[in-house]
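Down below is the structure, laid out as structure tokens.
Quick note: the coordinates plus some simple rules give every number you see, no bench work behind them. Everything numeric here is computed off the predicted structure, so don't read it as measured data. Heads up, the Cβs are rebuilt from the backbone with ideal geometry, glycines too, and the neighbour counts pull from every protein chain shown.
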Amino acid sequence: MASEEHYDFIWKVVLIGDSGVGKTNLLSRYTRNEFDAESKTTIGVEFSTRNMVIKGKTIRAQIWDTAGQERYRAITSVYYRQAVGALVVYDITKRHTFENLQKWLSELQQHADPNVCVIIVGNKTDLREQRTVTHEEGRAFADERHFSFIETSALDSSNVGEAFNNLLIDIFKKQVEESE
Ligand code: GDP
């Protein structure tokens, strides 16, 4: 069995998107299976890690959270440096967070590696009564740009593992399989 210390690859993945869309809770759900209904601002933790095995290789994902920097439009280029993947998150109940996606993608493209893998994540599907962005709109936005797409709920855990794991599988294809 692979020990926690052993890994074949370590990959930096960043979470981006407007404040309040659920980035911190997606990360804590994925890495610690926790949800915090009271969380207001992300303070402190810069990244969390989780290992995953793909085709016999142990991948250590080092997943970075913005630590609330996006509130002040002050995400530095260091945040994006050496990222090989990005979860670009919006809130399906807040249309402006969807409309801001292009701004986040532009910032990512400006600072990250041109080969960075992207998954567009529409979060808070448990709030179905308050939905203002349809599944089809989210899908079309991602398809036009050849990105992956998924809808999640950090509250009820729906698709959270899939969002991170699908991104890691995409990175694996690009970083490992295409270079073989
Ligand atoms: P961040 O600013 O993007 O890191 O967002 P947070 O993870 O801090 O979440 C902002 C608020 O949305 C908090 O009150 C969370 O409890 C809430 N939240 C996050 N994800 C979900 C979700 O999937 N469903 C619901 N209903 N609330 C969520």
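Quick one: dipole size for the range 28-180, taken about the Cα centre, charges +1 on Lys/Arg Cβ and -1 on Asp/Glu Cβ, in debye to the nearest 20.
The dipole of the range 28-180 has a size of about 280 debye.
Once the piece of chain linking Gln82 and Ile10 is laid out straight, how much longer is it, given 0.36 nm per residue of separation minus the C-alpha distance between them?
Gain in length upon complete extension: 24.8 nm.
List the extent of the Cα atoms of the chain along each of their three principal axes, largest first, rounded to whole Å.
44, 34, 30
Name the trypsin sites (Lys or Arg not before Pro) in the range 55-145 that are in a loop by DSSP and that have at most 11 other C-beta atoms within 10 Å, would you?
Lys55, Arg73
Helix-only mean residue ellipticity at 222 nm, the chain, DSSP H runs n ≥ 4 weighted -39,500 (n - 2.57), per residue, nearest 500. What is it?
-8000 deg cm²/dmol
Take the chain, connect every pair of alpha-carbon atoms lying under 10 Å apart with a spring to form a Gaussian network, then pick out the residue of Asp18, Asp126, Asp91 with the largest mean-square fluctuation.
Ranking Asp18, Asp126, Asp91 by mean-square fluctuation puts Asp126 first.
Ranked from highest to lowest mean number of other Cβ atoms within 10 Å per residue, what is the order of the peptides 24-34, 170-180?
Top of the packing list down: 24-34, 170-180.
Could you work out how far helix 23-32 tilts from the main Cα principal axis of the chain, as a 0 to 90 degree angle to the nearest 10?
Long axis of 23-32 versus the principal axis of the chain: about 40 degrees.
Cross-chain or 8 or more residues apart, Cα under 22 Å: how many lysine pairs in the chain fit that? Count them up, please.
Going through the chain pair by pair, I get 19.
With contacts defined as alpha carbon pairs under 8 Å and 6 or more residues apart, what's the relative contact order of the chain in percent?
Relative contact order, the chain: 24 percent.
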